[in-house]
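Heads up: the structure comes next, in structure tokens.
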Amino acid sequence: MKAPMYSWQASLAFLLVIFPIVVFVTNVGVPGLAWPYSGFSGGLAIALVTLPAWFSGRLLKLWEAALCFVCAHGAAVLLLGGIRGHEGTAGPGYYLVLASAWLLAWRCVAILSEQRPLSRLASTALRLIIPAIFGAWILIIWEAVTRGAGIPFILLPPPSAIGARIASSLPVLGADVRQTIFKAVIFGYVVGSGTGFLVAIAADRVPFLRRGLLPIGNMVSALPIIGVAPIMVMWFGFDWQSKAAVVIIMTFFPMLVNTVAGLAASGHMERDLMRTYASGYWQTLLKLRLPAAAPFIFNALKINSTLALIGAIVAEFFGTPVVGMGFRISTEVGRMNIDMVWAEIAVAALAGSVFYGVVALVERAVTFWHPSVRGG
Amino acid sequence: MTGTSPAVVAASKLGLTFQTNDGPVQALSNVDLTIGKGEFVSFIGPSGCGKTTLLRVIADLEKPTSGTISVNGMTAEQAREKRAYGYVFQAAALFPWRTIERNVGLPLEIMGLSKAEQAQRIKRTLDLVNLRGFEKKYPWQLSGGMQQRASIARALAFDADLLLMDEPFGALDEIVRDHLNEQLLELWGRTNKTICFVTHSIPEAVYLSTRIVVMSPRPGRVSDIIESTLPKQRPLDIRETPEFLAIAARVRDGLRAGHSYDD
């Protein structure tokens, strides 16, 4: 005797698909109509989005999620297949089917987000599946809208074209990553963060450095990278060394400031405790103040991981050998090869996320004791 | 008072004035005090009476501005550098990145003892405060009472004869506090250490001490010193005896006298 519990996503999806159904049924067999009225695949897509929209309230939550998942993505595949070769011809039916499929995917993610899985495996899987569906739909809508509306390639290429470009330019992209990330970024990041750390400790130890250097460091952080990069190219040449120099300048200051703040983070009681043990400066530093500063230091490392990438890419706009991510972006824009620009952006985003992720994982392992990590 | 034993702490005409933005504040003035070996001395008084400051002067965490202080016959600074005392703070102040055994081993590491010596002392002191089995836990996995016991173990680990405790049980609930008071007395009886104990609880002071130093504020000074007549063996229910209540009444009178000119 249970009344079906309809979600608003499923209800709205159903309302949106009524119009395509009516048009489809009244025009069966009429030739020359645009997708989804043109044949079997359009009809199947309409049926696929109607099915879960109709049944969703009557099923167990997990079955509903599974049904929404299968039908939404099935409809998306049919929809993207249907528009291929007919770019720019999409009518209201196309967008209505797209919108209902998207709502069903939303419903699926909403159900999955409510789940409180008991096993670690299931919770890990959920942590991966939910953002995966989310990301997939950003790409699906991007692809469907750029193709459906026939958006000019120069303005915004569809993700499939960017993907194809990545696949066909792997050697070039690989060389660019080697030049920009493995040479300039890594070197600059290590040296910049390292010197920032060492100078922070020196400033902590020597009062005149603290008084004199920190304000100057403030000024360095305000240097415009656009202005510094060409000067570094003059000083250190066209190759990766000048880009590493820009990265060093950019990463130095966040590390300096955060480490100085971190060294002040240990409590009075803890420092008094070390004093009662007649602990020397270096022992107190190693056993108390640096561990207490670790959360601050990792904060700087995370900030720097993205800053370093930006710095190196922007610096390459000001002169570089004919390789490198920034060089590629600036020249391919000039040649209207926008898909290559997007390919570099995608690779940079991926590399940046991996870089950040690795630092974040090390942080979790080192500062396991911090309330923000152990959760409480 | 055990007048014949050598003085562990001797203060004479001790004064300390803090320079603050609102002008000088006299935290201690004219404190004369001698603490003999094996005594359990409590410092009691309202906040601002300088009891914690006095303990910090003994520990060389503050420098007196007048008078003299000696600890174990040395200056306070020499005594600190010789690790003459263990200090227990108001909070456990355990390092969250170290396990309990490595927290207890911290002073031993700083003193540069061998690993084997460290392990042996850690084991012995953890047994002393009944924390066996928690060696590998982190401080945040333990209750407040257990954390404070671990911090006492840390102060005991390097075998200093003097234990300075600054309201160590102030943040704990009364049940845990009673239990730890009992354990502390037992520990004191077994180790024959000299203990200086800051508290603002009259029953706690009377239950634990051989001598109670009553202090009063503005300026911080010693207003009375009360010898306890209680025996060394003290079960918890000694707190209902007339003798205990008489001492507590004297302490209360002393506190009131120190306050009498206050509005």
**Request:** First check a/c for chain A, with a ≥ b ≥ c the square roots of the eigenvalues of its C-alpha gyration tensor; if it is under 1.5, answer rounded, and if not, answer prolate when a/b is larger than b/c or oblate otherwise.
**Result:** oblate
**Item:** Rounded to the nearest 20 debye, dipole of the protein assembly as shown from Cβ charges on Lys, Arg, Asp, Glu
**Value:** 920
**Complete:** Among chymotrypsin sites (Phe, Trp or Tyr not before Pro) in region B:160-263, those in a DSSP loop whose Cβ has at most 14 other Cβ atoms within 10 Å are B:Tyr261
**Asked** For region A:148-296, what is the largest minus smallest coordinate of the Cα atoms on each principal axis, given in angstrom and ordered from greatest to least?
**Response** 73, 37, 28
**Message:** Given the -39500 (n - 2.57) contribution per DSSP H run of 4+ residues, what per-residue ellipticity at 222 nm results for chain B, rounded to the nearest 500 deg cm²/dmol?
**Reply:** -11000 deg cm²/dmol
**Request:** At 0.36 nm per residue, minus the direct Cα-Cα distance, what do A:Val22 and A:Glu114 gain on full extension? Give it in nm, one decimal, please.
**Result:** 29.6 nm
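Nearest 100 Å² is fine: how much accessible area is buried between B and A, summed over both sides, with a 1.4 Å probe?
Adding both sides of the contact gives about 2100 Å².
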**Prompt:** Helix A:338-366 versus the longest principal axis of chain A: what angle, 0 to 90°, nearest 10, using Cα atoms?
**Reply:** 60
**Prompt:** So what's the net charge close to B:Glu243: Lys and Arg +1, Asp and Glu -1, counting the other residues with Cβ under 13 Å from its Cβ?
**Reply:** 0
**Asked** Which sequence of A:His370, B:His200 reflects their accessible areas, 1.4 Å probe, from the largest down?
**Response** B:His200, A:His370
**Fill in**
Ordering A:Trp102, A:Trp240 by the accessible surface of their heavy atoms, 1.4 Å probe, largest first, yields A:Trp102, A:Trp240
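Calculate the translational D of region B:39-83 in whole µm² s⁻¹ from Stokes-Einstein, where the hydrodynamic radius comes from the Kirkwood formula applied to all Cα pairs, the temperature is 25 °C and the viscosity 0.890 mPa s. Walk me through the numbers on the way to the answer.
Working: Rh = 11.4 Å.
Stokes-Einstein gives a translational diffusion coefficient of 215 µm²/s.
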**Prompt:** Which is farthest toward the positive dipole end of the protein assembly as shown among A:Leu98, A:Thr195, A:Pro171, measuring Cα position about the Cα centre, with Cβ charges +1 (Lys, Arg) and -1 (Asp, Glu)?
**Reply:** A:Pro171
**Request:** Could you name the lysines whose alpha carbon sits less than 17 Å from that of A:Lys243, not counting residues in the same chain fewer than 8 places away?
**Result:** A:Lys183
**Request:** At most 13 other Cβ atoms within 10 Å and a DSSP loop assignment: could you name the trypsin sites (Lys or Arg not before Pro) in region B:107-171 that fit?
**Result:** B:Arg132, B:Lys136
**Prompt:** Sorting A:Ser221, B:Ser47 by accessible area (1.4 Å probe), largest first, what list results?
**Reply:** B:Ser47, A:Ser221
**Fill in**
Rounded to the nearest 500, the 222 nm mean residue ellipticity computed for chain A from DSSP H runs (n ≥ 4, each -39500 (n - 2.57)) alone is -25000 deg cm²/dmol
**Message:** Show me the three semi-axes of the equivalent ellipsoid for region A:1-63, from the C-alpha gyration tensor (sqrt of 5 times each eigenvalue), largest first, rounded to whole Å.
**Reply:** 28, 11, 9
**Prompt:** Where does region A:8-151 land on Rg(C-alpha)/(2.2 N^0.38 Å)?
**Reply:** 1.09
**Message:** Can you tell me, using C-alpha contacts under 8 Å and at least 6 residues apart, the relative contact order of chain A as a whole percent?
**Reply:** 15
**Fill in**
If every Lys and Arg gets +1 and every Asp and Glu gets -1 at its Cβ, then about the Cα centre chain A yields a dipole, in debye to the nearest 20, of 980
**Request:** Would you mind estimating how fast region A:64-104 diffuses translationally, via Stokes-Einstein at 20 °C and 1.002 mPa s with the Kirkwood radius over Cα pairs, in µm²/s?
**Result:** 202
**Message:** Students often get this wrong, so check it: of B:Lys13/B:Lys63; B:Lys82/B:Lys137; B:Lys82/B:Lys193; B:Lys37/B:Lys63; A:Lys287/B:Lys115; B:Lys13/B:Lys82, which have C-alpha atoms separated by over 19 Å?
**Reply:** B:Lys82/B:Lys137; B:Lys37/B:Lys63; B:Lys13/B:Lys82
**Item:** FRET efficiency, A:Ala149 to A:Trp54 (Cβ-Cβ, R0 22 Å, nearest 0.05)
**Value:** 0.15
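May I ask you to give the solvent-accessible area per residue for chain A, in square angstrom, as obtained with a 1.4 angstrom probe?
Working: 18850 Å² over 376 residues.
On a per-residue basis, 50 Å².
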**Asked** Just the accessible area for B:Glu167, please: 1.4 Å probe, Å², rounded to the nearest 10?
**Response** 30
**Asked** Looking only at other chains, what is the average number of their beta-carbon atoms within 10 angstrom of each beta-carbon in B:95-105?
**Response** 3
**Asked** Which whole-percent values make up P(r) of region B:86-159 when all C-alpha to C-alpha distances are grouped in 5 Å steps starting at zero?
**Response** 3, 20, 33, 27, 13, 3, 0
**Request:** State the answer as a single residue: which of B:Ile110, B:Ser143, B:Tyr87 lies farthest towards the positive end of the charge dipole of region B:86-159, with beta carbon charges of +1 for Lys and Arg and -1 for Asp and Glu, about the Cα centre.
**Result:** B:Ser143
**Average other protein chain Cβ within 10 Å of Cβ, residues B:58-69** = 1
**Request:** Find out how many positive minus negative residues lie around A:Asn258, taking Lys and Arg as positive, Asp and Glu as negative, among other residues whose Cβ is under 14 Å from that of A:Asn258.
**Result:** 0
**Asked** Among residues other than A:His268 whose Cβ falls under 12 Å from its Cβ, what is the net charge (Lys/Arg +1, Asp/Glu -1)?
**Response** +1
**Asked** From largest to smallest, what semi-axes in whole angstrom does region B:121-173 give when each is the square root of 5 times an eigenvalue of its alpha carbon gyration tensor?
**Response** 17, 17, 7
**Item:** Rg in Å to one decimal, and Dmax rounded to a whole Å, for chain B via C-alpha atoms
**Value:** 18.4, 59
**Extension gain (nm, one decimal) between A:Ile130 and A:Phe317, 0.36 nm per residue minus Cα-Cα** = 63.6 nm
**Request:** Hey, could you grab the Kirkwood Rh for region B:13-164? Inverse mean 1/r over distinct alpha carbon pairs, Å, one decimal.
**Result:** 17.0
**Paired Rg and Dmax values of the protein assembly as shown, which use every Cα atom, in angstrom** = 36.4, 118
**Asked** In degrees, nearest 10, range 0 to 90: what is the angle between the Cα axis of helix A:120-148 and the longest Cα principal axis of chain A?
**Response** 60
**Prompt:** Mind checking the angle between helix A:186-205 and chain A's longest principal axis? C-alpha axes, 0 to 90 degrees, to the nearest 10.
**Reply:** 40
**Request:** Please label the shape of region A:197-282 as rounded, prolate or oblate, based on the square roots a ≥ b ≥ c of the eigenvalues of the alpha-carbon gyration tensor (a/c under 1.5 means rounded; beyond that, a/b larger than b/c means prolate, else oblate).
**Result:** prolate
**Asked** Taking every DSSP beta bridge that has both residues in the protein assembly as shown, what percent is antiparallel when rounded to the nearest 5?
**Response** 55
**Request:** Name the residue farthest towards the positive end of the dipole of region A:8-151 from the options A:Ala45, A:Val23, A:Gly85, assuming +1 on Cβ of Lys and Arg, -1 on Cβ of Asp and Glu, about the Cα centre.
**Result:** A:Ala45
**Asked** Among the DSSP beta bridges whose two residues both lie in chain B, what percent are antiparallel, rounded to the nearest 5?
**Response** 55
**Item:** Amide N of region B:156-191 lying under 12 Å from the label point, which is placed 7 angstrom from the Cα of B:His200 along Cα→Cβ
**Value:** B:167, B:170-171
**Fill in**
Loop-resident trypsin sites (Lys or Arg not before Pro) in region A:1-110 with no more than 16 other Cβ atoms inside 10 Å, DSSP not H/G/I/E/B, are A:Lys2, A:Arg84
**Asked** Which percent of the accessible area of region B:86-159 is formed by carbon and sulfur heavy atoms (probe 1.4 angstrom)?
**Response** 51
**Request:** Take the Cβ-Cβ distance between A:Ser353 and B:Glu240 as r, set R0 to 60 Å, and report the resulting FRET efficiency rounded to the nearest 0.05.
**Result:** 0.30
**Prompt:** Which shape class, rounded, prolate or oblate, goes with region A:115-172 when its Cα gyration tensor gives a ≥ b ≥ c as root eigenvalues, a/c under 1.5 marks rounded, and past that a/b bigger than b/c marks prolate?
**Reply:** oblate
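The values are calculated or read from the model by the stated rules, or taken from the named source; none is laboratory data. As the structure is a computational prediction, the values presented were derived from the model and not from experiment. So basically every Cβ, Gly included, is an ideal-geometry build from the backbone, and we count neighbours across all protein chains shown. Areas reflect the complete protein model, heavy atoms only, side chains present, ligands, DNA and RNA absent. Shrake-Rupley method; radii C 1.70, N 1.55, O 1.52, S 1.80 Å.
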